[in-house]
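One structure is given below, encoded as structure tokens.
A short reminder: the numbers here are calculations on the coordinates, not readings from a lab. For clarity, every value in this text was computed on a predicted model and none was experimentally measured. Glycine also receives a Cβ, built like all others from the backbone with ideal geometry; neighbour counts cover every protein chain displayed.
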Amino acid sequence: MAREPRDRREREESEFIDKLVHINRVAKVVKGGRRFGFAALVVVGDEKGRVGFGHGKAREVPEAIRKATDAAKRGLIRVPLREGRTLHHDVAGRHGAGRVFLRAAPPGTGIIAGGPMRAVFETLGMQDVVAKSLGSSNPYNMVRATFDALKHQDSPRSVAARRNIKVSTLQARRRDVAEGEQAAD
């Protein structure tokens, strides 16, 4: 009987993949010299639309990574993906001086994004996206700005529910707009 909870815990841990985005070494000067500490930024996701990030600090690197991973698992968000591979619409996000712009992309594009944003998209399970970082290149601000953008992502289902219309009506309007743009070209 004691074995069942451990099996469940292992299955739960294997469900997520984690990526180490950044490690920062800090020094505290004391009487005998320097004391080093480490801060880790980790992104965790299930590759099916759930992703989170965490920050952990400790005297040793593995302990900082473990703390950051636990924090990331506590703060997961769900992001609606179109066809399970890209965004529903273009979106901008910001945090402090970090600004990011995310664009939906056609199949086969791949993940075109800088380091910290790439880690978020890979753990999220996104396959096609074009992203641009404007402003700060600080990994903490870039990750937080990316999460800000992803939180503002809406699915057609949620938009239709908010407007009290059918999803098919919303999709038809989208097709009409797309056809109008092609005729103008």
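Annotations
- Computed over Cα pairs, the Kirkwood radius of the chain leads via Stokes-Einstein (0.692 mPa s, 37 °C) to a diffusion coefficient of 178 µm² per second.
- Packing-based ranking, highest mean first, of 112-122, 54-64 given that Cβ atoms within 10 Å are counted: 112-122, 54-64
- Under 5 Å from the amide H of Ser136 lie the amide H atoms of Gly98, Arg99, each residue being 5 or more positions distant or on a separate chain, with H modelled from the backbone and absent for Pro and chain starts.
- Charge-dipole axis of the chain as Lys and Arg at +1 and Asp and Glu at -1 on Cβ define it, positive-most pick from Phe38, Ala92, His22: Phe38
- Ellipticity at 222 nm from helices only: DSSP H runs of n ≥ 4 in the chain, each -39500 (n - 2.57), divided by the residue count, give -13000 deg cm²/dmol.
- Length, then width, then depth: along the principal axes, the Cα atoms of the stretch 57-104 run 42, 29, 14 Å.
- For Arg82, residues with placed amide H under 5 Å, excluding near neighbours: Leu87, His88
- Each residue of the stretch 169-182 is assigned a 3J(HN,Hα), and the resulting list reads 5, 4, 5, 5, 4, 5, 5, 4, 5, 5, 5, x, 5, 5 Hz, derived from the Karplus form 6.51 cos²θ - 1.76 cosθ + 1.60 (θ = phi - 60°), x at Gly and Pro.
- Close Lys pairs in the chain (alpha-carbon distance under 18 Å; sequence gap of 8 or more, or different chains): 11.
- Taking the chain and dividing mean pair separation by its residue count, relative contact order in percent (alpha carbons under 8 Å, at least six apart): 17 percent
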